[in-house]
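Heads up: the structure comes next, in structure tokens.
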Amino acid sequence: MTQATLAAPTDTETKPDDLRAQVSALSRSLDEPDWLLAFRLASLEQALALEWWTGQEESWRRTPRERLPRRATVGSLGRATNGAAVNVPSHVFAPREHSGMVHQIGGRVAASDLTDQAAADGVIIMPLSAAAQEHSDLVQQWLGAVGQPQDRYEAFGRALWTQGVFVYAPRGAAVSDSLFYLITQDVAEGDHWHYTLVVAERESELSLIEAGDADHRQAELADTPLIHASVELIAEDGAHLRFASVQRWHRQTAAISTTRGRVGRDASIRVTTAAFGADLDKQRIDMDLSQSGGYADIRGLFVGDGKQHIEHVTRQYHNGIGAESDLLIRGVLTDESQAVQFGLIQITPEGQKTNAHQTMRNLLLDDGAGADPIPMLEIEADDVKCSHAAAVGPVDPDQLFYLQSRGIPLKVAERLVVRGFLSEIADGVPDAHMREVIDELVEIQLEPAKASV
């Protein structure tokens, strides 16, 4: 697939005092409480005290520096309002059924609703700034509770976000249909930062699907927009939380997401991600299993074409007794696209009876495509079960031969194998319609003629 030559992203350093003033103005424009402004400013100071990545760090040295802007700018100050009415564009991810939904465009609310049953159960889904006003104690209790930011992007993300969502299930609540957070990237607005906070109280159950799409997908942009997503997932004791993220950003976008999960005693967090857009997509996923009996499941799906770079950096941290975790990443690469998976299972001396696994598999459909899966184990306990596996290669010729021997043309046979290869990941998405959407996006990504859809 041919791809337009992208301009190198610019690195522009805004002066610290200007950033402080912009963050304060942003918080005032959103009518946020004083404590949230203080949280933003404290995060900003953390960011300013850190350095940009140099490429020497283990988790960054495979990231192409020339394609990822290192800058911090506040986007869409004047337009990021909590209640302004906007025209809702046609959204590929619009759900058929849901318990609640928030759709935002550049900080503006395009749609927001919650079913009567979910509201009666005490469930909350609403824009993060609005939730900080209406449910101040709850948001203040949980915002940033997963731990301190580990790099400059993450710290800036906590300070600069112009839109976000707060999702909450009280103790014992079980949300029947998935909740949705839809984001439309306004490509004319430049850089974009959003913040997702999801809390499942004790013995509750909820599923959130976060879906990002771009307007004006064929527009040629003068610079590379940066999209950063901060995601915090908290499952208290006995709770079960499912989170799925699907993105189809503009192809010139550089996207970074940081997902942190904290798993309580006998609780579970299941994360599924699917990446289709963006020139560069780097996902950092960190699961903290410090309580006994917790379970974390991480699944990643991607289809790369052109010269896309798709990267997963993951950590399964075990400090609780008898906790389990599983990582499964599967990707398909065409043209000259490249993928990296750097996964770490880290088990402390306290993490006895841990059961942890990671598997990374990449299908290469063209000679110019490449993948670099790197599973790592760091084990300090002596009563554990751990395994890791990594594979890179073409479609199995025996599978193709079997299908062709039954009259199926080569290209069709290849597509069938690819869809079967990815189906185990897509099945982790907790919504039938969204699984259909992912299946269609796989087909679009594999067929260049459909790329304008």
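The values are calculated or read from the model by the stated rules, or taken from the named source; none is laboratory data. What you see is a predicted model; the values in this text were computed from it and never measured. For neighbour counting, all protein chains shown are included, and Cβ atoms are generated from backbone atoms with ideal geometry for every residue, glycine included. Side chains are part of the model used for accessible areas, which takes the heavy atoms of the whole protein and leaves out ligands, DNA and RNA. Shrake-Rupley method; radii C 1.70, N 1.55, O 1.52, S 1.80 Å.
At a glance:
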quantity: ³J(HN,Hα) computed for each position of the range 277-292 - Karplus, 6.51 cos²θ - 1.76 cosθ + 1.60, integer Hz, glycine/proline x; calculated: x, 6, 5, 10, 10, 10, 10, 10, 10, 10, 10, 9, 10, 8, 10, 6
quantity: Viscosity 0.890 mPa s, 25 °C: Kirkwood-radius Stokes-Einstein D of the range 285-340 over Cα pairs, µm²/s; calculated: 194
quantity: Range of Cα positions in the range 219-294 per principal axis (Å), largest first; calculated: 50, 15, 12
quantity: Residues with amide H under 5 Å from that of residue 386, placed H, sequence gap 5 or more; calculated: 356
quantity: Kirkwood Rh and Cα Rg combined as Rg/Rh, the range 406-450; calculated: 1.02
quantity: Normalised convex hull volume, the range 113-249, alpha-carbon set, Å³ per residue; calculated: 114
quantity: For the chain: accessible area per residue (Å², 1.4 Å); calculated: 39
quantity: Residues with amide H under 5 Å from that of residue 272, placed H, sequence gap 5 or more; calculated: 243, 244, 245, 299
quantity: Lysine pairs in the chain with Cα atoms under 25 Å, if 8 or more residues apart or on separate chains; calculated: 6
quantity: Paramagnetic reach from residue 14 (point 7 Å along Cα→Cβ, amide N under 20 Å) across the range 220-241; calculated: 222-231
quantity: Highest average packing first - 239-248, 346-355, 114-123, Cβ atoms within 10 Å; calculated: 239-248, 346-355, 114-123
quantity: Cα-based Rg of the chain normalised by 2.2 N^0.38 Å, two decimals; calculated: 0.94
quantity: At R0 = 45 Å, FRET efficiency that the Cβ-Cβ distance of residue 378 and residue 45 yields, to 0.05; calculated: 0.90
quantity: Carbon plus sulfur fraction of accessible area for the range 316-373, probe 1.4 Å, in percent; calculated: 43
quantity: Unit charges on C-beta of K, R, D, E only; dipole of the chain, Debye; calculated: 460
quantity: Charge dipole magnitude, Cβ of K and R +1, D and E -1 - the range 227-282, Cα centre, debye nearest 20; calculated: 140
quantity: The range 92-188 - percent of accessible surface contributed by carbon and sulfur, probe 1.4 Å; calculated: 43
quantity: Taking the chain and dividing mean pair separation by its residue count, relative contact order in percent (alpha carbons under 8 Å, at least six apart); calculated: 11
quantity: FRET efficiency, residue 419 to residue 222 (Cβ-Cβ, R0 41 Å, nearest 0.05); calculated: 0.65
quantity: C-alpha center-to-center spacing [the range 304-342, the range 142-204] in angstrom; calculated: 21
quantity: Sulfur and carbon atoms: percent of accessible area, the range 202-276 [1.4 Å]; calculated: 40
quantity: Spherically averaged projected area in nm², based on the convex hull that wraps the Cα atoms of the range 215-352; calculated: 8.3
quantity: The range 307-441 - Kirkwood radius from inverse mean 1/r over Cα pairs (Å); calculated: 16.7
